[in-house]
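Scroll down for the structure; my scribbles are underneath it.
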Amino acid sequence: RPRPSPPAAVVGAGLGGSAVAYFLQQHFGPQVQLDVYEPAGVGGRLATVTVNKQQYESRGASIHALSLHMLDFVKILGLKHRREVAGKSAIFSGEHFVLEETDWYLLNLFRLWWHYGISFLRLQMWVEEVMEKFMRIYKYQAHGYAFSSLEEMLRSLGGDAFVNMTQRSVAESLLEVGVTQRFVDDVIAAVLRSSYGQSVLVPAFAGAMSLAGAQGSTWAVEGGNKLVCSGLLKLTKANVIPARVTGVSLHSSEGRALYQVHYEGGEGHGSAFYDMVVVTTPLHPSRSNFTFENFEPPIADFPGAFQPSVTSVVHGYLNSSYFGFPDPKLFPFASILTTDTPDLFFNAMDNICPVNISAAFRRKQPQEAAVWRVLSQQPLDKQQLKTLFRSYYSVQVTEWQAYPRYDAAKSLPPIVLHENLFYLSSVEWVASSMEMIAVAAKNVALLAYNRWHQDLEKIDQKDLMHKVKTEL
């Protein structure tokens, strides 16, 4: 047998990797040694860009108020919630605004009712019902229960209805509960374009999670959301190795599985042996060249593709006349969503605040140069930038394979790839958000712990709501 080495390797130091390292240590105890492999910076998709010596979130900008794991992390790490700076939103069709937010709550409700009848109430009831069932996961996890597949997890939370919600579109589900086609085309399409960069054909479960984020109150971390990742890794004293993992091969020692992790870093190629491996980076061919060797049966290729997304952080003067406001002083919106119109070349744009907001901070007036984040599917060309901005000082572009293309795969990827080899990123095919990743990290840590100690009573149990009530 090769010489003893740390028992657990985590591939990736984004939110998934840092959260699973923290949860593994919570369950296995402080003696567990953790190697975390990360070729780029800690934080993954939680990234910032610098404009005029100030940092701004380029991705992963807001966290839902019901994200209990994220709330816990912030509390444990002694981080603070960023001060809210209010701003109004509107939905743009390419020619005019189809819906505009005002400062008056009752007027906003009246406008929604005037345009769409009671569709917004039906939407709210539908989202609340999904979220109420989803919140059961925290009770299950607090009692140490884990799930070996995404289907088992969904079934335990919401029965077959939740599993079916990964196979049918959000549009179909909402029309069924009485939401009008017009509301779907105007409002639902705009929210999904801004969150996933995709249409109302995304699965109902992913759609519900995105709509919950749009409806509820959200928050962010003072200093940047990526501080959660670096904070958790520091807290667990994990050994962060600056290298890219190229594959995992299976060996056995004394009748149990031993995993050899192959990597390449600044000092060339290397490998190390582990009892347990958690992969938190996407394993789809468009995202990584990752190989599995000596597994029998072989670990299959993962179907599906990822949706390219482009974030452009622009410091400049908004061209408000493009939106029908010749006088920029009168432009009232800080956030613009767009409908699914063929001619529109961007999904959403918002006037963003820095990650450190002082008490004296105020949002820039519309006629002043401000920092805008523009989300699109293709990089913006000079003409498109000129359409949106009268002039600008700088443009910083981040291209990334952001979210799964939800129409590209019909089945959910596995969580368990082998005995003690786990795939955390599979959860993104149910829905992709910071909290879904955190929930998946806790599930993988519990699953690894329960399997390691052969506590099978804690895995894939039926009728968990009843069991948890009995335990209480």
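The values are calculated or read from the model by the stated rules, or taken from the named source; none is laboratory data. Given the structure is predicted, the values throughout are model-derived calculations rather than measurements. Positions of Cβ are generated from backbone atoms using ideal geometry, with glycine treated the same way; all protein chains shown enter the neighbour counts. Quick note on the areas: whole protein, heavy atoms, side chains included, nothing else; ligands and nucleic acids left out. Shrake-Rupley method; radii C 1.70, N 1.55, O 1.52, S 1.80 Å.
Going through the range 223-254 one residue at a time, which ones are in contact with a helix residue (DSSP H, G or I) (Cβ under 9 Å, 6 or more places away or on another chain) and part of a loop (DSSP other than H, G, I, E, B)?
225, 226, 236, 237, 238
How about the range 5-61: which strands (runs of 3 or more DSSP E) wholly inside it have at least 1 residues that are surrounded by fewer than 18 Cβ atoms within 10 Å (Cβ to Cβ) and at negative phi? So that I can check it myself, show each step before the final result.
Numbers: elements: 8-11, 34-37, 48-51, 54-57.
Filter on the range 5-61 gives 48-51, 54-57.
Take the residues in the range 153-176 that are of a type in the set (A, V, I, L, M, F, W, C) and closer than 13 Å to residue 406 by Cα, then tell me which one is surrounded by the most Cβ atoms within 10 Å (Cβ to Cβ). Talk me through it step by step, then tell me what you get.
Just the residues of the range 153-176 that are of a type in the set (A, V, I, L, M, F, W, C), to begin with: 153-154, 157, 161-163, 165, 170-171, 174-175.
Narrowing further to those that are closer than 13 Å to residue 406 by Cα: 165, 170.
Details: 165: 22, 170: 28.
Within the range 153-176, the match that is surrounded by the most Cβ atoms within 10 Å (Cβ to Cβ) is 170.
Out of the residues in the range 177-195 meeting the condition of being open to solvent by 10 Å² or more (accessible area, probe 1.4 Å), touching a Phe, Trp or Tyr at 6+ places or on another chain (Cβ under 8 Å) and not in a helix (DSSP H, G or I), tell me which one is nearest to residue 309 (Cα to Cα). Before the answer, list the steps.
Here is the first cut: in the range 177-195, the residues open to solvent by 10 Å² or more (accessible area, probe 1.4 Å) are 177-178, 180-182, 185-187, 191, 193-195.
Next, only the ones that are touching a Phe, Trp or Tyr at 6+ places or on another chain (Cβ under 8 Å) stay: 177, 180, 182, 186-187.
Pick out the ones that are also not in a helix (DSSP H, G or I) and you get 177, 180.
On the way: 177: 31, 180: 29 Å.
Checking each candidate, the answer is 180.
What tally of residues in the range 454-472 results from selecting those that are exposed (fewer than 13 other Cβ atoms within 10 Å of the Cβ) and on the phi > 0 side of the Ramachandran plot?
Qualifying residue count for the region: 2.
Report yes if residue 122 is under 27 Å from residue 65 (Cβ atoms), open to solvent by 30 Å² or more (accessible area, probe 1.4 Å) and touching a Gly at 6+ places or on another chain (Cβ under 8 Å), otherwise no.
Yes; evaluated as a whole, the condition is true for this residue.
For the range 105-120, does any single residue satisfy the condition of being at pLDDT below 90 and within 25 Å of the chain's Cα centre (by Cα)?
Among the residues of the range 105-120, not one is at pLDDT below 90 and within 25 Å of the chain's Cα centre (by Cα), which makes the answer no.
Hey, residue 66 hits all of (1) assigned to a loop (DSSP other than H, G, I, E, B); (2) hydrophobic (A, V, I, L, M, F, W, C); (3) modelled with pLDDT of 90 or more but one; which does it fall short on?
It is condition (3) that residue 66 fails.
For the range 232-239, check the following and say yes or no: at least one residue is more than 16 Å from residue 21 (Cβ to Cβ) and either among the β-branched types (Val, Ile, Thr) or buried (at least 18 other Cβ atoms within 10 Å of the Cβ) (or both). Before you say what the answer is, go through the steps one by one.
In the first step, residues of the range 232-239 are kept if they are more than 16 Å from residue 21 (Cβ to Cβ); the result is none.
For the range 232-239, residues more than 16 Å from residue 21 (Cβ to Cβ) and either among the β-branched types (Val, Ile, Thr) or buried (at least 18 other Cβ atoms within 10 Å of the Cβ) (or both): absent.
Taking the range 136-176 only, how many residues are assigned to a loop (DSSP other than H, G, I, E, B) and over 22 Å from residue 120 (Cα atoms)?
8
Looking at the range 236-264, which of its residues are over 17 Å from residue 279 (Cβ atoms) and polar (S, T, N, Q)?
236, 239, 252, 253 - these are the residues of the range 236-264 that are over 17 Å from residue 279 (Cβ atoms) and polar (S, T, N, Q).
Would you mind stating whether residue 9 is at pLDDT 90 or above, in contact with a Phe, Trp or Tyr (Cβ under 6 Å, 6 or more places away or on another chain) and either closer than 16 Å to residue 448 by Cα or β-branched (Val, Ile, Thr) (or both)?
Numbers: at pLDDT 90 or above: yes; in contact with a Phe, Trp or Tyr (Cβ under 6 Å, 6 or more places away or on another chain): yes; either closer than 16 Å to residue 448 by Cα or β-branched (Val, Ile, Thr) (or both): yes.
Here the answer is yes, as residue 9 does meet what is asked.
Within the range 395-447, work out how many residues are modelled with pLDDT under 95 and among the small types (Gly, Ala, Ser).
9
Report, by residue number, each residue of the range 62-90 that is under 26 Å from residue 372 (Cα atoms), open to solvent by 60 Å² or more (accessible area, probe 1.4 Å) and over 15 Å from the mean Cα position of the chain (by Cα).
80, 81, 83, 84, 86
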